[in-house]
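Notes follow the structure.
The values are calculated or read from the model by the stated rules, or taken from the named source; none is laboratory data. Here the structure is a predicted model, which is why all the values come from computation and not from measurement. Don't worry about glycine lacking a Cβ; one is built from the backbone with ideal geometry, like all the others, and counts go over all protein chains shown.
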Amino acid sequence: MSNQERESLSQGEVYDLLSNARRRFVISYLRERDEPVELSDLSREVAAWENETAVENLTDQQVKRVYVSLYQTHVPKLDDSGIVDYDQDSGEVRLTSSVAELDTYLPERDDERVPWQLVYAGIAGVGLLAYVFVLAFPGLVGGVTTTAVGVAVIVAFGVAAAAHYLTGREL
């Protein structure tokens with residue numbers, strides 16, 4: 001049966017496809033690229049991701065191990081499922097529109113994530129400015145002490161840390 005004639009994937013098939021980290025990475029990488037990718041290039045990207053290094057730092061053995069795995073197992077499985085089209089003649093792999101079937105089984109992407117590092121940096125920056133202002137212009141702040149500024153900064157960090165923890169929890 002060709003990929004165009006394929007019926008939708010069952011829940012078990014989707015979980016089987018997504019059960020392997022290499023297949024998940026392939027799908028994610030192809031989504032980012034939004035264009036066909038040669039299997040050799042895809043192998044280098046997967047190997048770099050798995051080895052937590054840059055593509056230029058990979059050994060031939062690291063790339064070959066991933067290439068063989070993708071060529072023999074993972075890309076054919078994704079091709080058979082209709083998620084990708086793999087042209088063996090050109091060596092190109094591309095996503096199909098069937099990849100959308102996976103979205104109901106994947107957690108929603110939170111594109112509006114809070115940039116916590118900026119929140120913490122902002123608190124530190126504002127706290128530092130307030131502290132310097134209180135030291136430099138004690139008459140202008142009318143009774144606000146450096147201790148009060150320090151307590152306010154500590155409370156702000158505590159509130160931010162609690163919010164960070166609560167937003168990161170799976171409910």
Seminar exercise, completed: Selection from the range 81-97 of residues exposed (fewer than 15 other Cβ atoms within 10 Å of the Cβ) and more than 25 Å from the chain's Cα centre (by Cα) yields 87, 88, 89, 90
For this session: Might you check whether a residue that is without any contact (Cβ under 8 Å) to a residue 12 or more places away in the chain, assigned by TED's automatic domain parsing to the domain that holds residue 12 and closer than 16 Å to residue 29 by Cα occurs anywhere in the range 84-98?
Result: yes
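Just a yes or no: is a residue in the range 76-89 in a helix (DSSP H, G or I) and over 30 Å from residue 19 (Cβ atoms)? Steps first, answer last, please.
Quick first cut of the range 76-89, residues in a helix (DSSP H, G or I) only: 76-81.
Subset that is over 30 Å from residue 19 (Cβ atoms): none.
No, the range 76-89 contains no residue that is in a helix (DSSP H, G or I) and over 30 Å from residue 19 (Cβ atoms).
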Exercise. Counting only residues that are farther than 28 Å from residue 11 by Cα, assigned to a helix (DSSP H, G or I) and not polar (S, T, N, Q), how many does the range 46-66 have?
Worked result: 8
Exercise. If we keep just the residues of the range 46-56 that are in contact with a helix residue (DSSP H, G or I) (Cβ under 8 Å, 6 or more places away or on another chain) and of a type outside the set (Asp, Glu), which is surrounded by the fewest Cβ atoms within 10 Å (Cβ to Cβ)?
Worked result: 54
Seminar exercise, completed: Within the range 43-67, the count of residues that are under 18 Å from residue 91 (Cβ atoms) and small (Gly, Ala, Ser) comes to 2
